[in-house]
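Written out below as structure tokens is the structure these notes cover.
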Amino acid sequence: MNFKEVYERFLLISGLDTEEASKWSALCVEAIGQLRGMLKTNVKEEENSRRLNTAAAALALYKMALCSAAEDIASFKAGDISIGVRQTLRQRALAVWETAKAEIAPLMKDENFFFGRVAP
């Protein structure tokens, strides 16, 4: 995975300008490292660079959205307690990440499967 390409895709999918996005660039580095840890040992990054770079950018966007979760609240009312929440960046980022993750699923270790026996 290539930081420059991941960052360019992050700019594209986030809609942020370079000044706003620069404070989130560390998340791109973190996402690259996290994805590398999730890959099967025989995966060649160079052959799958487009999908992996896109997935890393999507993961970075999702992490950014989680950090910005307080921005989800569109309104708040104290009397008779009422909180309004708009469709959030977090929801959109999660959808983007899940789509990208599904695309690279064959390249990733399967850590959600458990094989065991049932005791008699």
Report summary line: Toy charge model, Lys and Arg Cβ at +1, Asp and Glu Cβ at -1: segment 1-47 dipole around Cα centroid in debye, rounded to 20, equals 260
Query raised in the report: Along segment 18-30, what does the Karplus equation 6.51 cos²θ - 1.76 cosθ + 1.60 (θ = phi - 60°) give for ³J(HN,Hα), rounded to whole Hz, x for Gly and Pro?
Result: 4, 5, 5, 6, 4, 6, 9, 4, 4, 5, 5, 4, 4
Query - Amide H within-cut-off set for residue 39, under 5 Å, with H built and near neighbours excluded - result: 109
Report summary line: For segment 88-100, Karplus-derived ³J(HN,Hα) couplings (6.51, -1.76, 1.60; θ = phi - 60°; whole Hz; x for glycine and proline) come out as 9, 4, 4, 5, 5, 5, 4, 5, 5, 5, 5, 5, 5
Query - Around residue 2: net Lys/Arg minus Asp/Glu count, Cβ-Cβ under 13 Å - result: +1
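Residue separation times 0.36 nm, minus the C-alpha to C-alpha distance between residue 22 and residue 101: what's the value?
Between residue 22 and residue 101, full extension yields an extra 26.0 nm.
Bear in mind these aren't lab numbers, they're just calculated from the coordinates by the rules spelled out. What you see is a predicted model; the values in this text were computed from it and never measured. Positions of Cβ are backbone-derived with ideal geometry, glycine not excepted, and every protein chain shown enters the neighbour counts.
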